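Working notes, beginning with the structure itself.
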Amino acid sequence: MKSLILTSAMVVTLATAAFAHDGVESETVAKRMEGMSEISGALKTLGSMAKGAVEFDAVAAQAAVNEVAEQAQAIPVLFEAQVTDPKSEAKPEIWTNWDEFVATAAVLQSAAESAEISDVASIGAAMGAMSGSCKACHSKFRM
């Protein structure tokens, strides 16, 4: 239950951040934010199923996990250019600790790729692994 509450809080935080992306001047930063919003949307789909707000759908749940894996794989490419924007929440530590940043994205990708969603109960374990990776990255690399 504690894991579900933590995961739900993370989803709300990510969803709220999506509204802050208006007015981004840099196309590079906008693409990064779009990728992160895709992850947020996928986690929101999973969270809604886990909470029972939406009926469990194995195909939709697996599609959401696959989306997280795909977007996580793209993170290093999206952040390769050291571009900033007044609306960006990316810290400079991304580029000064590049290897750690890339490794953190790889952990998210791995967590998503290894997730086996067969029922509602399996969503909690998958989300715990994925949101833990999100939190680790955001704690160090996001303002």
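Of note:
- Residue satisfying all of: in region 72-91; among the small types (Gly, Ala, Ser) and not in a helix (DSSP H, G or I); surrounded by the fewest Cβ atoms within 10 Å (Cβ to Cβ) among these: Ala81
- Residue in region 92-100 that is part of a helix (DSSP H, G or I) and of a type in the set (Val, Ile, Thr) present: yes
- On the stretch given as region 134-143, residues that are assigned to a helix (DSSP H, G or I) and either surrounded by fewer than 16 Cβ atoms within 10 Å (Cβ to Cβ) or in contact (Cβ under 8 Å) with a residue 60 or more places away in the chain (or both) total 5.
- Gly35 being part of a helix (DSSP H, G or I), within 17 Å of the chain's Cα centre (by Cα) and under 18 Å from Ala136 (Cβ atoms): yes
- Test for Ala111: is it small (Gly, Ala, Ser), buried (at least 17 other Cβ atoms within 10 Å of the Cβ) and touching a residue at least 60 places away in the same chain (Cβ under 8 Å): no
- The criterion of being in a helix (DSSP H, G or I), open to solvent by less than 40 Å² (accessible area, probe 1.4 Å) and at pLDDT 95 or above does not hold for Gly124.
- Taking every residue in region 49-61 that is over 14 Å from Ala115 (Cβ atoms) and pairing it with any residue that is aliphatic (A, V, I, L, M) and buried (at least 17 other Cβ atoms within 10 Å of the Cβ), at least 6 positions away or on another chain, the pairs with Cβ-Cβ distances below 8 Å are Glu55/Met49; Phe56/Met49; Phe56/Ile123; Asp57/Met49.
- Ile123 within 28 Å of Gly23 (Cα to Cα) and among the β-branched types (Val, Ile, Thr): no
- Note on region 1-50: residues that are modelled with pLDDT of 95 or more, under 18 Å from Gly128 (Cβ atoms), open to solvent by 30 Å² or more (accessible area, probe 1.4 Å) and not polar (S, T, N, Q) amount to 1.
- Of all residues assigned to region 52-73, at least one qualifies as being under 16 Å from the mean Cα position of the chain (by Cα), within 17 Å of Cys137 (Cα to Cα), at pLDDT 95 or above and of a type in the set (Val, Ile, Thr).
The values are calculated or read from the model by the stated rules, or taken from the named source; none is laboratory data. Given the structure is predicted, the values throughout are model-derived calculations rather than measurements. Glycine also receives a Cβ, built like all others from the backbone with ideal geometry; neighbour counts cover every protein chain displayed. When the accessible area is computed, the model is the full protein with side chains, heavy atoms only, and any ligands, DNA or RNA have been set aside. Shrake-Rupley method; radii C 1.70, N 1.55, O 1.52, S 1.80 Å.
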